[in-house]
Amino acid sequence: MSDQNLSKSQSPLFTHSDNSVGSSDKPEESCGIFGVYAPQADVARLTYFGLFALQHRGQESAGITVSNGAHMACYSRMGLVNQVFNEQILSILKGYIATGHVRYSTTGSSVQANTQPVLVEGKRFIGENGNTKPETVSLALAHNGNLVNTRELQRACEELGIQLSTTSDSEIMTRLIHAAYTGDIQAALENTLPQFKGAFAVIVQTPRELVAIRDNPGIRPLVVGCLGDEKSPDGWVVASETCALDIVGAKYLFDVEPGTAVMINGSGIRKFRWTKSNVEKEKVCAFEYIYFARPDSLFRGKSIHAIRQRMGEILAREAPLDADIIVPVPDSGTPHAIGYARASKIPFTEGLIKNRYVGRTFIDPQERLRALGVRMKLNPLEKVLNGQRVVLVDDSIVRGTTSRQIVQLLRDAGAVEVHMRIASPPVVFPCFYGIDTADQEQLIASHYTNPENDYSELAEYLGADSLAYLSIEGMLEAFGHTADEMCLACLNGDYPIPISAQTRLGLHKFMLERKIPQQKNGDIDAVRSVSDDPDPGDLPGPSDV
Ligand code: SF4
């Protein structure tokens, strides 16, 4: 099938723009990853559903790579999962191993070249002790997170004579692992992964193996489940969150531990430590609990929905109010608001109705439409709000751009008082681990920090009568974890993976940007996709291997 054929039916429709109407005032997640090893299943279709469940983690592009034991093929495009894939494409992607990816870019711009999984093919000398022969080796990688020593790794690629085809740190990881491969994927990973500094939950795929890997100390999440009977599984599934296991009917088994890899192949499933240094205590990103993860996911066996309600309850204890109604900022503030209402005994009610079809798929609006701002996304219920003293509960404020507009919406609808209650601590430091908040200037609370935690000036800026945040201690109480079990860097400046001041200056989303050699159809040399293959439909199926 030619690329033209696929493009006609499946041209990328939308890109995400930070300036779009209804764009989020929230930190943006870096990616979602999903992998499946199941000899009897339609793995591309399972991956499609898994990515569908992880769509909240990235909306810029989507991709799936399949292996059939001998060959690998990949299809990835800009757009949402249901815009990128259709029946025709899924039916081409045949095999018994698959890896999927949805992207929000943190290193490398949002373009086709940087879509994932990254699939690299090239000749390697396979064998040992001088008894080697050249073979074509295929290797794919899907990455959630962000490296902090990208420049160093870029130089390592240059020294090895590796020419990068994209501008993402994920391609650097893929090519260095590929360069180290001499027939044993575990050895290649043990030799390569210790070079990578930063946050990475990755899935590495070869024609016959799927490997799920988590950084040390485990900032980005990764879980493993099984299909069918746990004692005699039909297959294995790995995913960023448990909600993606649920959608394909997989049973949750365990979290991949920090500094650990889980290898799945024809011999079954086994774990190995990829690092020789001490495996650190798991330090999951606090924002996974606050905002990123879907409320129906479980983290370390705990319900995210229940944790968020508890955060709201504790906030009501720490920052009580006399008011008439509790209104959430939908949808992300809803569980926290339910908790606040329960603890304060003030009625919970919807006061803002969200238009779920505006937002991340709405691109490049005309200026006059942009001026409508948040109203495109949220509409106030005047009958509910008129004459009321409102407690407006949100999960977090990062840039503060939409909070101001939301407060004004409530006032325009007749609210006589608007008090903001934020069910997480102020975000005052940048994140370098895969969340798009690397510029401290943009963090609204960083301009208002004070020893007394007095945010009355910020409340005034937002147009609210008062503003209070949940304390770090209160948040940890809700999580049921201690401070050394979490990454809290954007809240307290304590970075679990050290980054020098000089490195911080050089870390930004476009640090690897340069002119990329484009093929006429926009695909990149050496990164194969299904559309580059003369007839991927002829790949042998698993039964032929
Ligand atoms: S700095 Fe903040 S957003 Fe980044 S990984 Fe740590 S807790 Fe998450």
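For the peptides 475-486, 174-185, 333-344, residues were scored by their other Cβ atoms within 10 Å and the scores averaged per peptide; the highest-first order is 333-344, 174-185, 475-486. Taking max minus min of the alpha-carbon positions on each principal axis, region 175-252 gives extents of 36, 28, 18 Å, largest first.
Computed from the C-alpha gyration tensor, the three semi-axes of the ellipsoid equivalent to region 379-483 are 26, 16, 13 Å, from longest to shortest. Compactness check for region 98-159: Cα Rg over 2.2 N^0.38 Å is 1.44. Sorted on the mean count of surrounding Cβ atoms within 10 Å across their residues, most packed first, peptides 125-133, 62-70 read 62-70, 125-133. What is the Cα centroid distance between region 143-213 and region 226-267, reported in whole angstrom? Rounded to whole Å, the Cα centres lie 23 Å apart. Just add up the charged neighbours of GLU457: K/R +1, D/E -1, any other residue whose Cβ is under 15 Å from the Cβ of GLU457. Residues close to GLU457 contribute a combined charge of -3.
When the pairs LYS123/LYS276; LYS94/LYS251; LYS281/LYS302; LYS276/LYS302; LYS251/LYS271 are compared against a 20 Å limit on Cα-Cα distance, LYS123/LYS276; LYS94/LYS251; LYS276/LYS302 fall above it. For region 133-279, the Kirkwood radius over C-alpha pairs fed into Stokes-Einstein at 37 °C and 0.692 mPa s yields D = 206 µm² per second. Shown for ASP215, ASP436, ASP324: other C-beta atoms within 10 Å of each C-beta, ranked fewest to most, produce the order ASP324, ASP436, ASP215. Rounded to a whole number of µm²/s, how large is the Stokes-Einstein D of region 142-188 at 25 °C and 0.890 mPa s, given Rh as the Kirkwood radius over C-alpha pairs? This corresponds to a translational diffusion coefficient of 218 µm²/s. Remark: region 211-282 is approximated by an ellipsoid whose semi-axes, taken from the C-alpha gyration tensor as √(5λ), come to 22, 14, 8 Å, largest first.
Bear in mind these aren't lab numbers, they're just calculated from the coordinates by the rules spelled out. Since this is a predicted model, take the numbers as computed values, not measurements. When we count neighbours, we look across all protein chains shown, and the Cβ atoms used for this are built from the backbone with ideal geometry, even at glycine.
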